[in-house]
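Below is one structure, written out as structure tokens; comments come after it.
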Amino acid sequence: MDKIRAAITAVGSYVPDKVLSNADLEKMVDTTDEWIRTRTGISERRLLEKNQPTSVLGINAAKNLFERYKVKPEEIDNFIQETRLNHIGSVKEPGNLRFDFIQQADDASRFMIYEVYESEDAAVAHKNTPHYLKWRDAVKDMMADPRLGVRYNIIEPKDRSEW
């Protein structure tokens, strides 16, 4: 059986606001900015606040992930319509395991599309279907930010029936 592949269309990141600079470290320990930079290349570090759990990093990275798919406000209805048509065609493809289309709750111009195909061949075939090609061309000028695609391998569930 071919590996099941998923297409994640963005990667989110986040760094905390609190900064610990080399100048701050100079006040704490016997070092200099120049010594640190020449040996590590580091000029500052980002720190969570004292009572913040590390999950804050993941939560904010996920929020930033959605922000990568911003649609021009005047194109929201058109984007939804075109993406629904692409969804309808995509879920009928024999190699499609999942196609989710979601809109951010607190910002109607932000969307995420999550697609999973049972093989690399199925993912490639999808990119050549009439419904995908029509969608790609229809939405390209609706985006406020460029689209970014990232590919992942599915680890679990391996069994298609579990999708």
| query | Of everything in the range 111-126 that's surrounded by 17 or more Cβ atoms within 10 Å (Cβ to Cβ) and hydrophobic (A, V, I, L, M, F, W, C), which residue is farthest from K70 (Cα to Cα)? | reply | A122
| field | Filtered residues of the range 93-123 (kept if farther than 23 Å from M143 by Cα and of a type in the set (S, T, N, Q)) | value | N96, S119
| message | Can you say whether S90 is farther than 14 Å from V139 by Cα and crowded, with 16+ Cβ neighbours inside 10 Å, as far as the supplied structure shows? | response | yes
| query | In the range 122-163, which residues are assigned to a strand (DSSP E or B) and modelled with pLDDT of 70 or more? | reply | M143
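The values are calculated or read from the model by the stated rules, or taken from the named source; none is laboratory data. Given the structure is predicted, the values throughout are model-derived calculations rather than measurements. A quick note on method: Cβ atoms are made from the backbone with ideal geometry, for glycine too, and the neighbour counts reach across all protein chains shown.
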